[in-house]
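The values are calculated or read from the model by the stated rules, or taken from the named source; none is laboratory data. Just so we're clear, the structure is a prediction, and the values are computed from it rather than from any experiment. Cβ coordinates were reconstructed from backbone atoms using ideal geometry, including for glycine residues, and neighbour counts include every protein chain displayed. With ligands, DNA and RNA removed, areas are computed over all heavy atoms of the protein, side chains included. Shrake-Rupley method; radii C 1.70, N 1.55, O 1.52, S 1.80 Å.
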Amino acid sequence: MKHLTIYRLFFTNSDCYNKSGYQKQHGVQVHSTSGNNPYLKRYVGPDDGRLGKNQYGNYHNRPGGDVCASAYIGKLQDGTVAVYQALPWDLRCWLSGQGPNGNANRMGYIGFEIAENKNDDDYFWAAVMDKSVLLTAYLCQMLSVTPWTV
């Protein structure tokens, strides 16, 4: 199996980190940012020397936000694709909205975001078909579930 490096930058300034509760996780939720910005610095911060500076300071690690994933996949400042863990795996993330079947945030999922770049096939294969598959396999192994039951 390929090696997966997970950088950790807990979002201790976010409302999710400070107000969300712990829960027993039993599955994985994969989500796309749907924005055409593959750089992690848009979502993860402050800069740790790898991310690069977010000139607007609008990353998710700040008070007042209503979105916070357990992890993020995207590009670092040097263009390589990386995974960042933003919350402890057993802390309820704020990744999904309200729908006809309720809110998946309260259903026991570890949720991660994939920062999109809709015009770059190489990035798609590195982020989606490499890092996200490896992260999902790692999380399923950690949770002792099989991927097809997630």
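Please work out the average accessible area per residue across the chain, using the 1.4 Å probe convention, and give it in Å².
Working: 8040 Å² over 150 residues.
So the chain comes to 54 Å² accessible per residue, rounded to a whole number.
Annotation: cysteines of the chain without a disulfide-compatible partner (Cβ-Cβ under 4.7 angstrom) are Cys93, Cys140. Entry note, the chain: relative contact order of 32 percent, from Cα contacts under 8 Å with a spacing of 6+ residues.
Can you pull the percent of segment 58-102's accessible area that's carbon plus sulfur, 1.4 Å probe, other chains left in place? Present the calculation step by step, with values, prior to reporting the outcome.
Values: 860 of 1830 Å².
Of the solvent-accessible surface of segment 58-102, carbon and sulfur hold 47 percent.
Here, segment 59-124 has an Rg and a Dmax of 13.6, 41 Å when only alpha carbons are counted. In terms of the Cα gyration tensor, with a ≥ b ≥ c the square roots of its eigenvalues, is the chain rounded because a/c is under 1.5, prolate because a/b exceeds b/c, or oblate? Cα axes put the chain in the oblate bin. Partners of Lys118 within straight-line reach, counting lysines whose Cα lies under 16 Å from its Cα and excluding those fewer than 8 residues away in the same chain: Lys75. Note on segment 61-76 and segment 90-125: Cα centroid distance 11 Å, given to the nearest whole angstrom.
When the square roots of the Cα gyration tensor eigenvalues are ordered a ≥ b ≥ c, the ratio a/c for segment 36-80 is 1.5 or more and a/b exceeds b/c, which makes its shape prolate. When the chain is treated as a Gaussian network with alpha carbon springs shorter than 10 Å, the biggest mean-square fluctuation among Pro100, Pro63, Pro46 belongs to Pro100. Can you give the % of DSSP beta bridges in segment 37-150 that are antiparallel, to the nearest 5? Antiparallel: roughly 65 percent of the beta bridges in segment 37-150.
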